[in-house]
Amino acid sequence: MKNHLPALRSERGWTQAQLAKQLGVSRQTIISIERGKYDPSLPLAFKIAQAFGLPIEEIFSGS
């Protein structure tokens with residue numbers, strides 16, 4: 001699954017650690033999601049979308 005997490009995070013000036021803390025996950029989880037090595041659970045995807053104030057579809061795509 002592709003995502004725009006690095007760009008969105010950068011736009012807001014957030015570090016991986018800051019985003020991880022906000023979401024209640026480890027920094028390694030954020031790294032894995034950003035690299036496309038881990039697909040977040042649906043509840044985590046909703047938390048990510050809420051953190052950025054965007055619909056899930058604007059953050060993640062299946063292709």
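Per-residue answers, yes or no, for (1) of a type in the set (D, E, K, R); (2) under 16 Å from residue 62 (Cα atoms):
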| residue | (1), (2) |
| --- | --- |
| 11 | yes, no |
| 17 | no, no |
| 33 | no, yes |
| 43 | no, no |
- Filtered residues of region 5-24 (kept if in contact with a helix residue (DSSP H, G or I) (Cβ under 7 Å, 6 or more places away or on another chain) and surrounded by 15 or more Cβ atoms within 10 Å (Cβ to Cβ)): 5, 8, 9, 16, 19, 20, 23
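Throughout, read-outs are computed from the coordinates displayed, never taken from laboratory work. For clarity, every value in this text was computed on a predicted model and none was experimentally measured. Please note: Cβ atoms are built from the backbone with ideal geometry, for glycine as well, and neighbour counts cover all protein chains shown.
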